[in-house]
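Some notes on the structure that comes next.
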Amino acid sequence: MIIKLALAFGAGFISFLTPCVLPIIPGYISYITGKKLNEIEKDKRTVLIKTILFSLGFSSIFIILGMAVSFIGNVLLFFSNELRILAGLIIIIFSLQLLGFINLSFLNQEKRIHTKSYKNNYVFPFVVGAAFAFGWTPCIGPVLGSILALSATEATVSKGFVLLLFYSLGLAIPFVLSGYYMSIFLNSKKGFAKHYGKVMKVGGVILLTTGILILTNQIQVISYFILTNFPFLTTLG
């Protein structure tokens with residue numbers, strides 16, 4: 001399970017770095033806080049609270065999706081072997097999309113949901129976060145879809161919950177930090193832009209490897225190797 005959790009967290013972080021998420025982070029933080037970019041660092045407490053609420057908004061949607069597909073997978077437990085093969089194939093297809101070998105146009109789209117800003121309303125960031133989850137799902141689809149497919153192979157809904165919780169943390173932690181340290185984030189983002197392609201390739205290779213291991217029912221081999229060489233990790237499983 002620890003391998004899957006690490007993969008889910010890494011997938012969340014890759015989602016944060018995608019070209020359809022990272023560039024709009026400053027705009028979204030300015031939007032939900034009601035502050036201009038040069039004002040954000042002057043009121044870090046408000047920024048911290050509202051970025052956390054925003055993160056809770058999109059995390060709640062992703063976690064619900066994870067629990068839903070885990071429930072469906074649990075209902076179809078009789079077909080667990082077929083479900084595992086299907087999940088592996090889905091992850092492989094999504095990885096090929098990230099690597100550029102195939103081009104599924106609907107996975108390259110983004111749907112932005114705009115709402116009226118309420119600068120002093122602490123419910124607003126949560127609602128916008130939930131809208132973010134729905135609006136950008138087509139764009140981060142290959143990564144999120146892979147984790148949802150992985151979640152469908154879990155035997156219990158609680159495991160699906162934890163899996164998508166780690167995915168959400170991988171996306172939420174850098175988002176909150178980027179708001180709290182906005183000036184540093186803006187400087188870093190400029191230099192990172194040229195590495196978008198490399199990040200997508202690395203993420204694609206990781207997903208492709210995972211998909212093949214799940215398809216061939218060999219994912220436990222990696223877990224056995226890591227836990228054998230790093231026994232202290234057993235306490236985290």
Requested in this report: Test Leu56 against the stated conditions and say whether it is at pLDDT 80 or above and closer than 18 Å to Phe13 by Cα.
Outcome: yes
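Restricting to the stretch 1-53, count the residues that are outside any helix (DSSP H, G or I), over 30 Å from Lys201 (Cβ atoms) and touching a helix residue (DSSP H, G or I) at 6+ places or on another chain (Cβ under 6 Å).
Looking only at that region, the number is 1.
Going residue by residue through the stretch 116-125, is there one that turns out to be among the small types (Gly, Ala, Ser) and at pLDDT 75 or above? Talk me through it step by step, then tell me what you get.
Our first condition is that a residue be among the small types (Gly, Ala, Ser); within the stretch 116-125, this holds for 117.
Of the ones still in play, those that are also at pLDDT 75 or above are none.
No, every residue in the stretch 116-125 fails to be among the small types (Gly, Ala, Ser) and at pLDDT 75 or above.
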Query - Residue in the stretch 35-43 that is closer than 22 Å to Phe124 by Cβ and crowded, with 19+ Cβ neighbours inside 10 Å present - result: yes
Query raised in the report: Which of the following residues is under 30 Å from Ala68 (Cα atoms), out of contact with any strand residue (DSSP E or B) (no Cβ under 9 Å at 6 or more places or on another chain) and either buried (at least 16 other Cβ atoms within 10 Å of the Cβ) or at pLDDT below 80 (or both): Lys190, Lys159?
Result: Lys159
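The values are calculated or read from the model by the stated rules, or taken from the named source; none is laboratory data. This structure is a prediction, so every number in the text was calculated from the model and none was measured. Methodologically, a virtual Cβ is constructed for each residue, glycine included, from the backbone with ideal geometry; neighbour enumeration extends over all protein chains shown.
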